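Each value in this text was obtained by applying a stated rule to the coordinates, not by laboratory testing. All of these numbers come straight from a predicted model, not from anything done at the bench. Don't worry about glycine lacking a Cβ; one is built from the backbone with ideal geometry, like all the others, and counts go over all protein chains shown.
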Amino acid sequence: MDTKTIIVTGSSRGIGKAIAEKFLREGHTVVINGRSELSEEAKTHYSSYKGTAHFIAGDVSDPTFAKALIKETKKQFKKIDVLVNNAGITRDNLIIRMSDEEFDATLNINLKGTFYTSREVAKVMLKQRAGHIINLSSVVGTVGNPGQANYAASKAGVIGLTKSLAKELAPRGVLSNAIAPGFIESDMTGELSEEVKEKALEAVPLSRLGKAEEVAELVGFLSDQHYITGQVFHVDGGMVMNG
């Protein structure tokens, strides 16, 4: 097996953590990124896997940091095979109450952060004539949701960015795809009441929450493909069915 060098933004918890752990279990080199430094306990956990974990803390909504993240990874490991843009936040509010700060903060991390890291990694991958950019969108980016105008706009933007990257970078063998998770088990969903969960699951034909590991499996699959690009893959238990 060829050892890949993979960057996973927002990988200190949730879906990002599951993605990082999958690649580490398989023996790959994974750059773990979060806005804050990980605890020594967390670093020990990631370092216990077969692969090599490297830690770079910083905010991808800062273009200077995004550039440094890519530059340091390339310098340290000589190549970048996969960039997984997973970093994201929510700042939910009804549109008539949503502040400029709530809107801007969400767009800055979810969309601008994805743009900044993609722009910098594209420079590396175009020279390599190979690479995968895998962006985490959301079902909310395809169908919208009350109280999440900012989040929906950011995730819809990620889809548009993904498709444009796919067309622009394909001539040099660089692939770009998006994944749109639905209702996935997380720290956030764990805090919801059973009543709220049951209501949400009414929209899920499979009648259960998804697992972060199921999203990670799709990321792993896409990172091994060489003729799939510009696509949006839903991991949502059937919530969104496109013809």
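For the pair GLU26 and ALA200, what calculated FRET efficiency results from E = 1/(1 + (r/R0)^6), where r is the Cβ-Cβ distance and R0 = 30 Å, to the nearest 0.05?
On the way: r = 32 Å, r/R0 = 1.08.
E between ALA200 and GLU26, to the nearest 0.05, is 0.40.
Out of the range 1-58, which chymotrypsin sites (Phe, Trp or Tyr not before Pro) are coil in DSSP terms and have no more than 16 other C-beta atoms within 10 Å? If you can, show how the numbers build up before the last one.
Numbers: sites: PHE23, TYR46, TYR49, PHE55; in loops: TYR49.
Answer in residue order: no site qualifies.
What ranking do 139-152, 91-104 get when scored by the average of other Cβ atoms within 10 Å per residue, highest first?
Details: 139-152: 18.6, 91-104: 12.4.
With the highest mean Cβ count within 10 Å placed first, the list reads 139-152, 91-104.
Let me know the volume per residue of the alpha-carbon convex hull for the chain, in Å³. Intermediate results must be reported in sequence, preceding the final value.
Values: hull volume 32.0 nm³, N = 243.
For the chain, the hull spanned by Cα atoms encloses 132 Å³ per residue.
By per-residue mean of other Cβ atoms within 10 Å, what is the highest-first order of 63-75, 5-17?
Packing proxy ranking, top to bottom: 5-17, 63-75.
Which of the residue pairs LYS50/LYS71; LYS123/LYS211; LYS167/LYS211; LYS78/LYS112; LYS112/LYS163 have a Cα-Cα distance greater than 23 Å in the structure shown? Don't jump to the answer; show the numbers that get you there.
Numbers: LYS50/LYS71 25 Å; LYS123/LYS211 33 Å; LYS167/LYS211 31 Å; LYS78/LYS112 26 Å; LYS112/LYS163 16 Å.
Among LYS50/LYS71; LYS123/LYS211; LYS167/LYS211; LYS78/LYS112; LYS112/LYS163, the Cα-Cα distance tops 23 Å for LYS50/LYS71; LYS123/LYS211; LYS167/LYS211; LYS78/LYS112.
Provide the net charge surrounding GLY230, with neighbours chosen by a C-beta distance below 11 Å and charges set as Lys +1, Arg +1, Asp -1, Glu -1. Before the final figure, lay out each step's value.
On the way: positive: LYS163, LYS167; negative: GLU168.
Its environment carries a net charge of +1.
Grab the other residues whose beta carbon is less than 13 angstrom from that of VAL215, score K and R as +1, D and E as -1, and report the net. The partial results should precede the final answer.
Values: positive: LYS17, LYS22, LYS211; negative: GLU21, GLU185, GLU213, GLU214, GLU217, ASP236.
In short, -3.
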